[in-house]
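Down below is the structure, laid out as structure tokens.
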Amino acid sequence: MHKSLGVLRRNLEFAAYIMRCLPPVRLQKCRAFWPRLIYTAEELAAQKPVSYYRPTPEEVARMEEILGWYSCLNAFETKLVWKRSCGVSWKLLSIRFKHHRSTLYDRYQKSLFKMQMFIEKS
């Protein structure tokens, strides 16, 4: 693998990490003024942990720039590269896309090369 592709992969993983750290988008609704719930220890242990890290505006701007790189890929390549950047295993990807792992890996590498050429042109 070329050195620049490793840097590209780290940038894509950075964008996926920052995307996970952003607060969820919620619809504006009427506020309910119900009393706060008191949870038991078992209920607290079963809840999803809250991410306390909030990305800086510079990191969000960098993430938006990186997400612009996906514009050169088709829909299949975009999904494949994004899921791989999020750390989804090859086995799960082969089940999801119904392709062999080596075929997916080849298409992933070609997509990274395509993205690298797009970055170098712009």
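Please treat every number below as a calculation from the coordinates, not as lab data. Keep in mind that what you see is a predicted model, and the values were worked out from it rather than measured. Positions of Cβ are generated from backbone atoms using ideal geometry, with glycine treated the same way; all protein chains shown enter the neighbour counts.
What to note about this one:
- Filter on Lys48/Lys79; Lys48/Lys91; Lys91/Lys114; Lys48/Lys110 - keep pairs with C-alpha separation over 32 Å: Lys48/Lys110
- In sequence order, segment 96-113 has phi-based couplings of 5, 8, 6, 10, 5, 4, 5, 5, 4, 5, 4, 5, 5, 5, 5, 5, 5, 4 Hz under the Karplus curve 6.51 cos²θ - 1.76 cosθ + 1.60, θ = phi - 60°, and Gly or Pro positions carry x.
- For the chain: relative contact order, % (alpha-carbon pairs under 8 angstrom, 6 or more apart): 36 percent
- Working note: Karplus 6.51/-1.76/1.60 with θ = phi - 60° gives segment 4-15 the couplings 5, 5, x, 5, 4, 4, 5, 5, 5, 5, 4, 5 Hz, where Gly and Pro are set to x.
- Neighbour-count order for Arg54, Arg36, fewest beta carbons within 10 angstrom listed first: Arg36, Arg54
- The slack between Glu58 and Gln109, meaning 0.36 nm per residue of separation minus the straight C-alpha distance, is 15.5 nm.
- Between the exposed loop cleavage positions of the chain, defined as chymotrypsin sites (Phe, Trp or Tyr not before Pro) in a non-H, G, I, E, B DSSP state with at most 13 neighbouring beta-carbon atoms within 10 angstrom, the longest gap is 54-122.
- Using a Gaussian network model of the chain in which every pair of alpha carbons under 10 angstrom is joined by a spring, one finds that among Pro35, Pro49, Pro57 the greatest mean-square fluctuation is at Pro35.
- (i) 17.2; (ii) 14.3; (iii) 15.1, with the label sought being that of the calculated Kirkwood radius over Cα pairs in Å: (i)
- Taken about its Cα centre, the chain carries a charge dipole of roughly 380 debye when the Cβ of each Lys and Arg holds +1 and the Cβ of each Asp and Glu holds -1.
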